[in-house]
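> I'd like to ask some things about the structure below.
The values are calculated or read from the model by the stated rules, or taken from the named source; none is laboratory data. Treat the numbers as computed from the prediction; the structure is a model and nothing was measured. Here the Cβ positions follow ideal geometry from the backbone for every residue, glycine too, while neighbour counts run over all protein chains shown.
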Amino acid sequence: MGSGSGIWLIVLGLVVAAAVLGLIVYGLAGRARRSGRGQPPRSAPAAGTAGGAGGVEADQAAGAAGPTAAAQTAGGERAEARQANGAGGLEPGGETEGVVAASGGEIEVPEAPASRLRRLRGRLAGSKSALGRALLAVLSRDQLTREDWDEFEETLLMADVGAAASEQILERVRAAMRVEGAGADPAATLRRELLAALETKASRTIADRGGQGAPGVILVVGVNGSGKTTTIGRLARLEVAAGNSVLLGAADTFRAAAADQLAAWGERVGVPVARGPEGSDPAAVAFDAVAAGIDRQIDTVIIDTAGRLHNKANLMAELEKIRRVAAKQAPITETLLVLDATTGQNGLTQARVFTEAVEVTGIVLTKLDGTAKGGIVIAVQRELGLPVKLVGLGEGPDDLAPFDEELFVDGLLGAKP
Ligand code: GDP
């Protein structure tokens, strides 16, 4: 009996040991799967190069076989994020379709930043130099009367400079002209004061790189029709031209057309796009986009968001959730608000809704080519307290340029480039 129960105890001990070993091995394999160590390494697409094209082909193969490795990895993380978020977390319906690679066609090489600035210089001035001419015409009169200064201010207001900035420019120009007397140079004075009105302590540089190996994450917000999708496509080209790898997140899941449009932009320059089914949770797409960006060692992830304005509380909740969920993996380095320059003061009222909903770090002013009222740049900066970082100057794929206040003011004053 004694030796019989001894054998049973040994057998039981062996079974327990085997079970424990099995659990350890399973656990380690699971961790390797989640951290992506079980996946073959992926190359970040450096678009415009042979390496970029290689990345795209790898994606096509993965795409055909179902969700990509990046999306699978993100799926595991997302489940964790869901738990961490509790009731406020990602909805079960928020599954994404993974990362859709740029497919097939020839990859374009976008125009380099310096070249586009030179090319777009004239357009920055365009018909807006009429403003500078009108202001200088007043200032060149002898013995400026009260009516002359009223006309000066009226001209600024008509160009959408805004009441507060117009008054400031008027007061400062008048004071300077008084001090300088007969020796005053109206053009130089006006140039100096317009530049002062455009001065900002904030940097105009786009924060497109994250620290410690994380990608820079750029959130793009704005009302539908402002040129948001176009801006994201063109910003991707600007980044690619600067040598950065880019991944786009189509988190405007309310309009299937927006994701298709983004995919088309991505395809042209070999930039992958993370997207979800129409109506899926935008925050889940944003999460997957950042996860894929980390997985692929991408420099910059640019995330599109929905621009519906029908309910401010909804908009706030949605943008806040996208920001919070995306930031679980890498900090948001930039939140750009896209504004249509042709909408004037109306556009500014809409803009305020967004600045209240999310912490905006910079403005993209589109369709500046479509308005003679260049003063809107001054009003936007002053009234929103945010720097204009990029300007859209046409409908072409590379008609987006970093904003340069000196070029702009010289354009207004009709100075020859
Ligand atoms: P979204 O609804 O905000 O995503 O707007 P879209 O990106 O679809 O742009 C709306 C329209 O504005 C399109 O026809 C664009 O070509 C046009 N657009 C965007 N940016 C500019 C710009 O800087 N200049 C001009 N002239 N048109 C622009």
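> For the stretch 227-248, give me each residue that is crowded, with 24+ Cβ neighbours inside 10 Å and free of Cβ contacts under 8 Å to residues at least 60 places away in the same chain.
Scanning the stretch 227-248 gives a single hit, Leu248.
> While we're looking at this one, here's another question. In the stretch 131-190, how many residues are in a helix (DSSP H, G or I) and on the phi > 0 side of the Ramachandran plot?
Number satisfying all stated conditions: 1.
> For the stretch 296-318, which positions are more than 16 Å from the ligand (Cβ to nearest atom), exposed (fewer than 15 other Cβ atoms within 10 Å of the Cβ) and in contact (Cβ under 8 Å) with a residue 12 or more places away in the chain?
Result: Gln297, Lys312.
> Does Asn314 count as at pLDDT below 95, out of contact with any helix residue (DSSP H, G or I) (no Cβ under 7 Å at 6 or more places or on another chain) and within 21 Å of Pro387 (Cα to Cα)?
No: the conditions fail for Asn314.
> Tell me which residues, restricted to the stretch 258-267, are more than 11 Å from the ligand (Cβ to nearest atom) and touching a Leu at 6+ places or on another chain (Cβ under 7 Å).
Across the stretch 258-267, the qualifying residue is only Gly266.
> Can you give me the number of residues within the stretch 191-231 that are assigned to a loop (DSSP other than H, G, I, E, B), within 16 Å of the ligand (Cβ to nearest atom) and touching a helix residue (DSSP H, G or I) at 6+ places or on another chain (Cβ under 8 Å)?
Total meeting the criteria: 3.
> Next question, about the same structure. When you look at Val269, is it aliphatic (A, V, I, L, M) and modelled with pLDDT of 95 or more, yes or no?
So Val269 does not fit the description; no.
> Next question. Just one of (1) more than 16 Å from the ligand (Cβ to nearest atom); (2) under 15 Å from the mean Cα position of the chain (by Cα); (3) under 27 Å from Thr343 (Cβ atoms) trips up Arg234, so point out which.
Arg234 satisfies all of (1) more than 16 Å from the ligand (Cβ to nearest atom); (2) under 15 Å from the mean Cα position of the chain (by Cα); (3) under 27 Å from Thr343 (Cβ atoms) except (1).
> Let me ask another. Quick one: which residue in Leu198, Leu156 is more than 13 Å from Leu135 (Cβ to Cβ) and in contact (Cβ under 8 Å) with a residue 40 or more places away in the chain?
Leu198
> Of the numbered conditions (1) part of a helix (DSSP H, G or I); (2) under 20 Å from Val240 (Cβ atoms), Ala286 fails exactly one; give the number of that condition.
Against the list (1) part of a helix (DSSP H, G or I); (2) under 20 Å from Val240 (Cβ atoms), Ala286 comes up short only on (2).
> Can you pull out every residue in the stretch 180-200 that is surrounded by fewer than 17 Cβ atoms within 10 Å (Cβ to Cβ) and at pLDDT 90 or above?
Asp185, Ala187, Ala188, Arg192, Leu195, Ala196, Glu199, Thr200 - these are the residues of the stretch 180-200 that are surrounded by fewer than 17 Cβ atoms within 10 Å (Cβ to Cβ) and at pLDDT 90 or above.
> Has the stretch 245-257 got at least one residue that is among the hydrophobic types (A, V, I, L, M, F, W, C), away from the ligand (no atom under 16 Å from the Cβ) and more than 22 Å from Ile107 (Cα to Cα)?
no
> Given the residues Val338, Val391, Val285, Val377, which is the only one that is touching a Ser or Thr at 6+ places or on another chain (Cβ under 6 Å), surrounded by 17 or more Cβ atoms within 10 Å (Cβ to Cβ) and either under 26 Å from Phe403 (Cβ atoms) or free of Cβ contacts under 8 Å to residues at least 24 places away in the same chain (or both)?
The conditions single out Val338.
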